Amino acid sequence: MIISLDDTVKPIDLRNCGWCVIAFAVMVAVIVWGNLWALNFMHVMCGVLWTGIDLFMGFIVGPIMRSLPPPARRAMIVRLMPKTLFLMPTLSIITGTAGYYYAKQIGLLDVSWPQSAWVTAALTIVAVLTVQGMGILLPCNLMVYLELCKPAPDLARIGRLMGRYVYAVAFQGVMQVAIIVVMARFVTGL
């Protein structure tokens, strides 16, 4: 099934849900298998992709898009959104879930103070990133996309949505850098 409101824009292809299901099935299989290397690889690879894409979008693509004329900005958003709609939530959920099971398997959930503060920081940051991404950024992106797909988009509504979005993205970038700091601490030892 393909959803499109205008023939000139890239449709949201719901068949991409299949790729998400496959990714989640692989995650579940790795968790059930309990292989430490595979669990760590899944956590690190999805985390690198999630963080890298978030930072790239926030610090590179965002400023470029703000400088584009409105028709070019619209063209970029209506082509980018259908791709990120499936990719980013999948990466965020897999990163956090695989990270939790990895931490549990290697005993990080049982460390005492002050090391437990690092674990709590990691869990808190990932929870904030995921909730913010799924509850604020994703719906905002989708609403802007759907508005831009209309023959006569409500530019005032898009402006209001993007006003909130800019602050959320800035906070998301700060939190992504914070999780890198925490993960670097884990790698060097608590």
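Just to confirm the number: angle between the C-alpha axis of helix 155-188 and the first principal axis of the chain, 0 to 90 degrees, nearest 10? It works out to around 20 degrees.
Our coupling estimate for the stretch 120-129, obtained by passing each phi through the Karplus curve with A = 6.51, B = -1.76, C = 1.60 and θ = phi - 60°, is 4, 4, 4, 5, 5, 4, 5, 5, 5, 4 Hz, Gly and Pro reported as x. Converting phi to 3J(HN,Hα) with the Karplus coefficients 6.51, -1.76 and 1.60 and the offset θ = phi - 60°, the stretch 36-49 yields 4, 5, 5, 5, 5, 4, 4, 4, 5, 5, 5, x, 5, 5 Hz in sequence order, with x at every glycine or proline.
Read-outs throughout are calculated quantities, based only on the coordinates presented, and are distinct from any laboratory measurement. Fair warning: this is a prediction, and the values are worked out from it, not measured in the lab.
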